[in-house]
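Nothing in this text is a laboratory measurement; each read-out follows from the coordinates by a stated rule. Bear in mind the structure is a predicted one, so any value in this text is a computation, not a measurement. Note that each Cβ is placed from the backbone with ideal geometry, even for glycine, and that neighbours are counted across all protein chains shown.
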Amino acid sequence: MVKKLIENKSFAFMDPLSIKNRYDVIEKITDKEYSLFLKENNGGYFFKNAIHIYGTSENYLYHDILFINRLIHDLYGKLALGFFFAEDVFGNLFGFIDKNIIYFNIETAEKTKIADSFTDWAAVLIENIDYYTAYSFLETLDAVSIKQLTEGKRLSPKMPFILGGEYELKNLILKDYRKNLMFNASIAIQIHDLPDGTKVKIKIE
C-alpha cells in the first residue's frame, strides 16, 4: 500500500534541506517504515492533494515536520500527545504515539488509534480514502483552490462542525494552515473534558 501511496503523489517539494540532517531524531519517535519513506520521498501531497505528509523544508515551514510539531504542541499544549506526520484536507492530523498511529481531530483534540505501523496506516488510508481525507470535496473545487492546498492552505468550516456547521462545500473556505490550527485549538481547549450535552458559550477567535 505504501507503493500505491507513492504512485498517487500529486505534488513534491524540491527543497535543498535533506532529511538526513534530522533522520536520527525522527526515526526514534516514528517507525522504520515511515522514516525510510520520509528519507526517500520527503513527504509531499498525495491523491490530488487530499493528504499532506510532512517532510523537511527550509523554504516552506508548513511542510517542515519539526516546525509543524512545535506549532501544534504550542497551540494544543497537553492535548497534543504524539508526533504528527500528516494532515487531511481540513488539517486533521495523523501522528505516532508509542509507535502506534492515531487520528487527531483538530476541533475536539480527540485521538483515535487507527493503525499499528506506517504501512498499516497507508492501507487504512487508501481503503477509507474519503473518510480520512475528505477526498470527495476535491471533486467540487476549482483548479486554483486545489493548487492552494499545496501552499499551506486548508479547507476550514465557516461554522465549525462541532458547533453544528454543515459538512458541505458552502460552509468551507480556504484558510492559512496556522490560522486554521489556531482557530481549532482555541475551540478544542474550551470544550475539552466537558460532559456530553453541556451547554457552553464558545468564544471563536
Stretched out fully, how many nm does the piece from ARG178 to GLU58 gain, at 0.36 nm a residue minus the Cα gap? 41.5 nm
Total lysine pairs under 17 Å (Cα atoms) in the range 38-149, excluding pairs fewer than 8 apart on one chain: 4
In whole angstrom, the spacing between the Cα centers of the range 82-97 and the range 101-128 equals 8
Rounded, prolate or oblate: which fits the range 146-190, taking a ≥ b ≥ c as square roots of the Cα gyration tensor eigenvalues, rounded meaning a/c under 1.5, else prolate when a/b beats b/c? oblate
Helix 32-41: angle to the longest alpha-carbon principal axis of the chain, degrees 0 to 90, nearest 10? 80
Once fully extended, how much extra length lies between LYS113 and VAL25, figured as 0.36 nm per residue of separation less the alpha-carbon to alpha-carbon distance? 29.4 nm
Relative contact order for the chain using alpha-carbon pairs under 8 Å, separation at least 6, rounded to a whole percent? 18
Hey, rough spin-label estimate for GLU139 and LYS32, points 7 angstrom out along Cα→Cβ, what's it come to in nanometres? 4.0
Just to verify a number: FRET efficiency for LYS147 and ASN105, C-beta to C-beta distance, R0 = 35 Å, to 0.05? 0.85
The simple spin-label model distance between LYS4 and HIS73, using points 7 Å out along Cα→Cβ, in nm, is 3.4
